[in-house]
Every structure is written in C-alpha cells, then in structure tokens.
Amino acid sequence: MRMRRTRDALWMLAACAVGLAVVGWRMESSASDVEGPSLPRTPRELRRASVDSLASAAGAIASHDPFRIDHHPSAVAYRPELEGIAPPPAAPKPAKPRLTLAGIVGGPPWAALLDSVPGHEGSVLVRKGDTLGDLRIRSIHRDTVIVQGADTVWKLVVKQPWQ
C-alpha cells in the first residue's frame with residue numbers, strides 16, 4: 001500500500017515539474033516576442049538602469065495602449081469639455097391607445113365595434129385577424145375581444161349599463 005502511494009506521489013511530482021517547465025518556457029518565449037527595449041530583470045540591473053532606458057521603456061509600453069483589448073487607440077476622441085454633461089433625453093414613447101369595445105355584432109363568426117382606434121375616427125368594425133396599424137385582432141368572442149399591440153395585449157369586455 002505504501003509503495004503504491006509513493007509511486008502515485010512520484011507521478012504527481014513529475015507531472016507538476018513538466019507543467020512548471022512548460023509555463024516557464026511559455027513565459028520566457030512570450031517575453032522575448034515583445035518589441036522594444038529590454039527591461040531590467042534583477043534589482044541590481046534596476047539600480048543601474050539609466051533615466052533614458054526607463055523613459056524608452058515607458059514609451060514602448062504607452063505606444064501599445066496597454067489598457068485596450070485590441071492595443072489600438074479609440075476611434076472616438078476623448079473630449080473633456082463634455083465630461084459631466086448628461087446626454088439628451090430620449091424621445092418620449094407614444095401614448096398607448098385607450099381602446100374601448102362599443103359592442104359585438106352577429107353570431108359566430110363575431111365582429112366587434114372598437115372605439116378610440118388610432119388613425120380612425122368613430123367606431124371601427126373589425127373581425128378576427130384584422131390589422132389596424134400595429135394592432136392585430138387576435139380573437140372575438142360573445143362578450144370579449146383580444147387585441148394585440150407591439151408590446152401590449154388588451155382584453156376588452158363589453159360594458160353593461162350597470163357597470
């Protein structure tokens with residue numbers, strides 16, 4: 001049992017060593033692919049670095065736009081004079097029509113009289129499947145009409161005199 005654990009531990013150690021070697025190789029090869037001046041790697045080299053080499057390193061970093069994913073300047077120029085100014089308000093949405101059901105006509109198939117339909121004056125006679133602008137008549141029953149708009153569905157009921 002102990003031999004098996006030892007063997008498994010050695011395999012895990014070997015796998016970790018190979019993984020670390022691959023990561024080190026990738027980091028070294030990607031560091032050599034970077035264009036521009038080489039940066040000091042040790043504290044001693046850092047102390048010996050001249051102001052000119054640090055300035056050229058800073059220029060190389062800034063020229064690659066490190067804070068952008070595509071490493072290119074933005075297509076839209078920054079305008080500090082617009083900072084803090086609220087964008088113009090969006091155009092108000094058109095009011096939803098206040099549809100009312102004036103009455104139901106006939107028997108199956110039913111027809112309905114609708115009032116307050118946008119773009120029409122007075123009552124409008126509609127049947128199932130009719131379209132009035134962006135309003136569509138989905139169904140007509142004995143006492144109800146279902147009207148579907150772009151983002152709303154109305155269920156209209158015939159009003160009785162006592163209601």
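We did not get these values from a lab; they are worked out from the coordinates using the rules stated. All values reported here derive from a predicted model rather than from experimental measurement. Glycine also receives a Cβ, built like all others from the backbone with ideal geometry; neighbour counts cover every protein chain displayed.
Of note:
- Shown for D70, D143: other C-beta atoms within 10 Å of each C-beta, ranked fewest to most, produce the order D70, D143.
- Simple label model, 7 Å out from Cα along Cβ direction - D143 to E28, nm: 8.7 nm
- Amide H contacts of G103 (H built 1.01 Å from N, in plane; Pro and chain starts excluded): L113 sit under 5 Å, all sequence-distant by 5 or more or on other chains.
- Kirkwood-Stokes translational diffusion coefficient of the stretch 100-157, alpha-carbon pairs, 37 °C, 0.692 mPa s, µm²/s: 293 µm²/s
- Rough spin-label spacing in nm, given labels placed 7 Å along Cα→Cβ, for K96 and A57: 6.3 nm
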